[in-house]
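The values are calculated or read from the model by the stated rules, or taken from the named source; none is laboratory data. Only a predicted model underlies this, so the values are computations on that prediction, with no experimental measurement involved. Methodologically, a virtual Cβ is constructed for each residue, glycine included, from the backbone with ideal geometry; neighbour enumeration extends over all protein chains shown. Heads up: the accessible areas ignore ligands, DNA and RNA and are worked out on the full protein's heavy atoms, side chains in. Shrake-Rupley method; radii C 1.70, N 1.55, O 1.52, S 1.80 Å.
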Amino acid sequence: MSGNITFTMIKPEAVSDGYSGAITEKIETAGFEIIAMKMTRLSNNRAGEFYMVHKDRPFYSSLCDYMSSGKIIAMVLKKDNAVEDYRTLIGATDPEKAEEGTIRKLYAKSLQSNAVHGSDSDENAKIEAGFFFSDLELFID
Ligand code: UDP
Ligand code: MG
């Protein structure tokens, strides 16, 4: 059975461009409950830890520089079938391939600066949420 939690980050350029409010509204309108939320900034090392799965990819170093370049907003979202439904809401990794109306189609600047992160599995959603929120067991059933 699929879980009801996913994790997202609004990435630096989407925050600095002032799209946080619009993106958050789109998330809530789509039926996700925001159960944890934090504006913060990642160091280059923390960004590297978050994206460790991509450490051997050519874009890793540039991605870490980008993700530590400004403030991000981390959120834990709750909804039935959260991981899959949120991936649908945000659209393809490459905004040029994202469906009309998706968050990445609307607010991304490039493949790297693609507005938001979204977990790719229930297991990773819990790991990623735990990366930012230490009191998770208090609000995840
Ligand atoms: N990324 C990039 N170049 C690529 C692929 C990915 O800069 O060729 C960045 C992009 O910001 C993406 C992140 O690395 O969101 C993580 O990549 P992943 O394949 O996990 O995509 P996602 O799960 O975010 O859709
Ligand atoms: Mg991914």
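Explain nothing, just the number: relative contact order of the chain, from Cα pairs under 8 Å at least 6 residues apart, as a whole percent. Write out the running numbers ahead of the final one.
Working: 241 pairs, mean separation 52.0, N = 141.
This gives 37 percent for the chain.
Using just the C-alpha positions of the stretch 35-90 as equal point scatterers, what log10 of I(q)/I(0) does the Debye formula give at each q in 0.18, 0.22, 0.27 1/Å?
-0.76, -0.94, -1.00
Return an integer: the convex hull volume of the alpha-carbon atoms of the chain, in Å³ per residue. Write out the running numbers ahead of the final one.
On the way: hull volume 14.6 nm³, N = 141.
Expressed per residue, the convex hull around the Cα atoms of the chain is 104 Å³.
Take the alpha carbon gyration tensor of the stretch 7-72, find the square roots of its eigenvalues, order them as a ≥ b ≥ c, and report rounded if a/c is under 1.5; if not, report prolate when a/b exceeds b/c, else oblate. Present the calculation step by step, with values, prior to reporting the outcome.
Details: a/c = 2.30, a/b = 1.85, b/c = 1.24.
Prolate, because a/c is 1.5 or more and a/b exceeds b/c.
Express in Å², to the nearest 10, the accessible area of H54 obtained by rolling a 1.4 Å probe over the protein heavy atoms while all chains stay in place.
50 Å²
Per the 1.4 Å probe, what fraction of the accessible area of the stretch 44-141, in percent, lies on carbon and sulfur atoms?
Working: 2610 of 5320 Å².
Of all accessible area on the stretch 44-141, carbon and sulfur atoms account for 49 percent.
For the stretch 93-134 and the stretch 33-86, what is the centre-to-centre distance using only Cα atoms, to the nearest Å?
8 Å
So, by mean Cβ neighbours within 10 angstrom, what's the order for 28-36, 126-134 with the highest one leading?
Numbers: 28-36: 14.6, 126-134: 17.2.
Taking the mean over residues of other Cβ atoms within 10 Å, the ranking is 126-134, 28-36.
With a ≥ b ≥ c the root eigenvalues of the C-alpha gyration tensor of the stretch 63-141, is it rounded (a/c under 1.5), prolate (a/b larger than b/c) or oblate? Intermediate results must be reported in sequence, preceding the final value.
Numbers: a/c = 2.51, a/b = 1.38, b/c = 1.82.
In terms of gyration-tensor shape, oblate.
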